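This report refers to the structure that appears directly beneath it.
We did not get these values from a lab; they are worked out from the coordinates using the rules stated. This is a predicted model, so every value here is computed, not measured. As a convention, Cβ positions derive from the backbone with ideal geometry for all residues, glycine included, and neighbour counts pool all protein chains shown.
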Amino acid sequence: MKNIENKEGNETIDSLPSSTKLAIELKNITKRFGHVVANSDVNLKVSAGTIHGIVGENGAGKSTLMNILFGLYKPDNGTIFLNGQAVDVNSPEKSIALGIGMVHQHFMLVPTFTVLENAMLGNEGSMFLQSGEELVLDRLKGLSENYGLDVDFEAIISDTPVGMQQRVEILKALNRGAKILILDEPTGVLTPQETIGLFDILRSLREKGVTIVLITHKLKEIMSITDTVSVMRGGKVVANFSTEKTSPEELAENMVGRKVLLSIKKPTLKVGNPVLEVKNVSHESKDGVNVLKDISFDLRQGEILGIAGVAGNGQSELLDILSGIETLQRGQITVNDKTILPYQDWNSKKAREFGVAHVPEDRHKRGLVLPFYNYENSILGYHRNEEYSSGFLMDKRKIFNFVDDLVENFDVRPRSSSISSGKLSGGNQQKLVLAREIESNPKILLVGQPTRGVDIGAIERIYEDLMKLKSKGTAILLVSVELDEIMSLSDRIIVMNQGSIVGETNSSDATELDLGKMMSGLEKV
Amino acid sequence: MPESFQLIISLLDSTIRIATPLIFCAMAGIFSERSGIIDIGLEGKMLLSAFVAATATFLTGSPILGLFAAILASCSASLIHGFACITNRGDQVISGLAINILASGLTITLGIALFSRGGQTPPLASEQRFMPIEFPFLDQMSYVPILGDLYVEVISGHNIIVYLSVLAVLFTYYVIFKTRFGLRLRAVGEKPEAVDTAGISVIKLRYQSILIAGMLCGLAGAYLSIAHGAGFGREMSAGKGYIALAAMIFGKWNPIPTLFACLLFGFLEALGVRLEGVELMWIGEVPVQVMQALPYVLTVVLLAGFIGKARAPGAIGVPYSKEG
């Protein structure tokens, strides 16, 4: 393990040309939530008219720092300088007045309002809406044209695609006269095409002199758009780079604090017979929406089949049906030569009996009972197995023996069987769920969003475990919105859009752009 | 004038009288709930302000002062509600219920302590009340068939607060949908984070909304004791606050439909009073309780099947916290 502590501090940024004016300077910012130190003595410098990236794992303190800059949180310590002036940003009102705008990770839009109403909120132009709307609409149309922020002002927000919602957020900030724009994980919900569009907008904003701070955990994006980048780890800024002088590997190393393998070694393995056959499955949601339309595919032994798609295009429902959570309404599923027909007795207990294990998309809702202890969570769903019980009682000693091995073998930290799972970090919670499902020796593993909210170190481990499982011959169905993940893990990829399969490709032939086009429903293959 | 027409005219007349406090309370509810604060305490605020109106009027002799005292009392109750559930993020239903219980107990206790009349206030003389206003041209209009009768019997001859209730509806509609304040108020009820991050104080907005609600409830209370009635009687709000809530939901938190819901519920009650003890064809005598329950039954039935889903403001009942 390479020691990188010597990068502590701000040497690199000081080597920037001294002529550039600093738009933002944060000095010794500290913020605690109870006993948790979210930001500890953070220093940050951003030059005017540049795009500055902040990378770091979940919980590294990026969002907290930006919320402090935006005035949502009050720092316990430290000073903020804007354009060289010390300022007291104690509320969003103040920060907006100082020319700071923020596009939050979860959009701050009123779903029942129109695009115009949302964009004008806070700067309505007049006491009375009618005259205000005319005034603001003029201004917004100008901004929209200048920066390529294409929106439909009449549309109701809840009917608009996320890409447009994001543009509304940017317009909203510009309507308030933002000269500094903070974007928190802006690409998480976007297709690759939408991401390209967003970056074009950001570049044209930079040209007009807007300073942009971009928070992300996607290193590729940092490399492609930022001028400078700061890495945060454990609430501190641990390194600053000029983007052209660094590499994804170096950034990752700084994020985690040790060397990480970003590439995955896929075991070469001949795929076997189909163990899961899905034929013409359709599904109607409770609201009467056709969420799945005529889905058919095979999954073979030792194969990883990736399902790509923007969140909310039927992937979740598909997982729910295959794992027995939802009733099968139409079509048929064959699991290990056993056929399930519509409205037949099919539930998650049965799924487990048939050798289907499931790592659900939302580990908090479905993977774990958060207040439960690790030893309870790690047999959840398998608690009826004889190996954990004596008679009709649960046998704690047997459970503990099993769980102690489990947390050891799968590197769940802290290595404790009797800590409540809610206290683990996201990555360790995910490792626990995955461990439980892998230990059941499944024939088929359904995995939803395996690395959502999981830090890089744990991601590495999770990928390794999945590959190990694959080489044992387990068939894996991988649903993820992270295209990189799908492309690097899967043997084959199918793409879903609006409940249909819109394309299929071998992962060796797949390019991000092609998949992106399919994901946005633009192109059928 | 045929007897059935006479009956309809007098039913409409009492409909308006009964609906007036409902309208004020329902508009109050709209202001409060559109901003995200459940206002189950309408009932208590109305009761409290009815008591204060009667007491202040009796003591000062001026119904105008009584009205202002009522508004003040109701706004104080609103502030208690706000302190509990806006500032301290308490449960809004519990806080509202507490106000209802407090008002119920406090009015009786104070009433007995002040006047020793079993919780009632002394009766008010006519000049101490808001009296019916006679419209001009009554004589001439009474010769016009139908329209004239409506003008003379239904439109004219109510006290000033009744006419104010119509203004209250227009006021509510205009403020909520046509002003900057209204846009922000609706936004804060749907998604307070959006308002906060737009640099607008969620807390201030919500306090403003519940204070407006307090004023409207104060008018409702004053109507009961110093306009429609001539003094305070214990529990004289008699569940009107809850009916107003039902009307507001029925009207989907929109002022104009809510006005009609209030009128409908008022009409049902007027009808119930009229039908008390009357033998109906085939049915026989309808127990008065059935008529009293009708607004609630109607709300449930209509909401369940006929008028589509009533969608409450998105963030209603959820205390706002920045760092949660």
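The single condition among (1) in contact (Cβ under 8 Å) with a residue 60 or more places away in the chain; (2) of a type outside the set (Lys, Arg); (3) crowded, with 24+ Cβ neighbours inside 10 Å; (4) facing chain B (nearest Cβ under 8 Å) that A:His104 does not meet is (3).
Within the stretch B:88-126, the set of residues being outside any helix (DSSP H, G or I) and either in contact with a Leu (Cβ under 7 Å, 6 or more places away or on another chain) or closer than 30 Å to B:Tyr320 by Cα (or both) comprises B:Asn88, B:Arg89, B:Gly90, B:Asp91. Would you confirm, using the coordinates I've provided, whether B:Arg180 is in contact (Cβ under 8 Å) with a residue 60 or more places away in the chain, over 15 Å from B:Pro319 (Cβ atoms), among the charged types (D, E, K, R) and at the interface with chain A (Cβ under 9 Å from one of its Cβ atoms)? No, not satisfied. Scanning the stretch A:171-186 for residues that are within 27 Å of the chain's Cα centre (by Cα), surrounded by fewer than 22 Cβ atoms within 10 Å (Cβ to Cβ) and within 13 Å of chain B (Cβ to nearest Cβ) yields a single hit, A:Asp184. For the stretch A:202-220, give me each residue that is assigned to a helix (DSSP H, G or I) and surrounded by 19 or more Cβ atoms within 10 Å (Cβ to Cβ). Selection gives A:Leu202, A:Leu205, A:Leu219. All conditions in (1) within 14 Å of chain A (Cβ to nearest Cβ); (2) touching a Leu at 6+ places or on another chain (Cβ under 8 Å); (3) under 20 Å from B:Ala310 (Cα atoms) hold for B:Val169, with the sole exception of (1).
In the stretch A:52-90, the qualifying residues are those that are of a type in the set (S, T, N, Q) and within 14 Å of chain B (Cβ to nearest Cβ), and the one that is surrounded by the fewest Cβ atoms within 10 Å (Cβ to Cβ) is A:Asn90.
Among the numbered conditions (1) touching a Pro at 6+ places or on another chain (Cβ under 9 Å); (2) under 25 Å from A:Asn273 (Cα atoms); (3) surrounded by fewer than 22 Cβ atoms within 10 Å (Cβ to Cβ), the only one that A:Asn506 does not meet is (1). Kindly provide the set of residues from the stretch B:1-59 that are outside any helix (DSSP H, G or I), touching a helix residue (DSSP H, G or I) at 6+ places or on another chain (Cβ under 9 Å) and either surrounded by fewer than 24 Cβ atoms within 10 Å (Cβ to Cβ) or polar (S, T, N, Q) (or both), ordered by number. Correct list: B:Met1, B:Ser35, B:Ile38, B:Ile40. Here B:Gly241 meets each of (1) surrounded by 24 or more Cβ atoms within 10 Å (Cβ to Cβ); (2) within 14 Å of chain A (Cβ to nearest Cβ) with one exception, condition (2). For the stretch B:243-259, residues that are assigned to a helix (DSSP H, G or I) and closer than 14 Å to B:Leu302 by Cα total 7. Among the residues that make up the stretch A:396-418, is at least one of them closer than 30 Å to A:His283 by Cβ, within 31 Å of the chain's Cα centre (by Cα) and among the β-branched types (Val, Ile, Thr)? No - not one qualifying residue is present in the stretch A:396-418.
Among residues of the stretch A:399-418 that are under 16 Å from A:Glu464 (Cα atoms), those with a Cβ under 6 angstrom from a residue that is among the charged types (D, E, K, R), sequence gap 6+ or separate chain, pair up as A:Val407/A:Arg415; A:Phe410/A:Lys431; A:Asp411/A:Arg461; A:Val412/A:Lys431. Put simply, of A:Asn67, A:Asn83, A:Asn77 the only residue that is free of Cβ contacts under 8 Å to residues at least 40 places away in the same chain and not hydroxyl-bearing (Ser, Thr, Tyr) is A:Asn67. A:Tyr463 falls short on exactly one of the conditions (1) more than 19 Å from the chain's Cα centre (by Cα); (2) part of a helix (DSSP H, G or I), and that condition is (1). For the stretch A:114-129, which positions are more than 7 Å from chain B (Cβ to nearest Cβ), on the phi < 0 side of the Ramachandran plot and not hydroxyl-bearing (Ser, Thr, Tyr)? Once the filter is applied, which keeps residues that are more than 7 Å from chain B (Cβ to nearest Cβ), on the phi < 0 side of the Ramachandran plot and not hydroxyl-bearing (Ser, Thr, Tyr), the stretch A:114-129 yields A:Val115, A:Leu116, A:Asn118, A:Ala119, A:Met120, A:Asn123. Before we move on, is A:Val168 surrounded by 18 or more Cβ atoms within 10 Å (Cβ to Cβ), among the β-branched types (Val, Ile, Thr) and under 22 Å from A:Met66 (Cβ atoms)? Criteria met by A:Val168. Whether a residue is in a helix (DSSP H, G or I), of a type in the set (A, V, I, L, M, F, W, C) and either touching a Cys at 6+ places or on another chain (Cβ under 9 Å) or more than 23 Å from A:Arg366 (Cβ to Cβ) (or both) was assessed, and A:Ala239 does not pass this test. None of B:Ile210, B:Ile203 is away from every other protein chain (no Cβ under 14 Å), assigned to a helix (DSSP H, G or I) and not charged (D, E, K, R) except B:Ile210. Screening the stretch A:130-142 for residues that are among the hydrophobic types (A, V, I, L, M, F, W, C) and surrounded by fewer than 21 Cβ atoms within 10 Å (Cβ to Cβ) and picking the one that is farthest from the other protein chains (Cβ to nearest Cβ) gives A:Leu137. Within the span defined as the stretch A:358-367, every residue fails to be in contact with a Ser or Thr (Cβ under 6 Å, 6 or more places away or on another chain), more than 14 Å from A:Glu437 (Cα to Cα), of a type outside the set (D, E, K, R) and surrounded by fewer than 16 Cβ atoms within 10 Å (Cβ to Cβ). Just so you know, in the stretch A:378-401 the residues that are among the hydroxyl-bearing types (Ser, Thr, Tyr) and in a loop (DSSP other than H, G, I, E, B) include one that is surrounded by the most Cβ atoms within 10 Å (Cβ to Cβ), and it is A:Ser378. Scan the stretch A:222-234 and give yes if some residue there is in a helix (DSSP H, G or I) and touching a Gly at 6+ places or on another chain (Cβ under 6 Å), otherwise no. Looking through the stretch A:222-234, at least one residue is in a helix (DSSP H, G or I) and touching a Gly at 6+ places or on another chain (Cβ under 6 Å). Could you look through the stretch B:217-259, keep only residues that are without any contact (Cβ under 8 Å) to a residue 60 or more places away in the chain and aliphatic (A, V, I, L, M), and pick out the one that is farthest from B:Thr55 (Cα to Cα)? That would be B:Ala246.
One residue stands out in the stretch A:226-244 among those that are surrounded by fewer than 21 Cβ atoms within 10 Å (Cβ to Cβ) and in contact (Cβ under 8 Å) with a residue 60 or more places away in the chain: the one that is farthest from A:Leu26 (Cα to Cα), namely A:Thr243. Total residues in the stretch A:91-101 satisfying the condition of being more than 7 Å from chain B (Cβ to nearest Cβ) and crowded, with 22+ Cβ neighbours inside 10 Å: the figure is 3.
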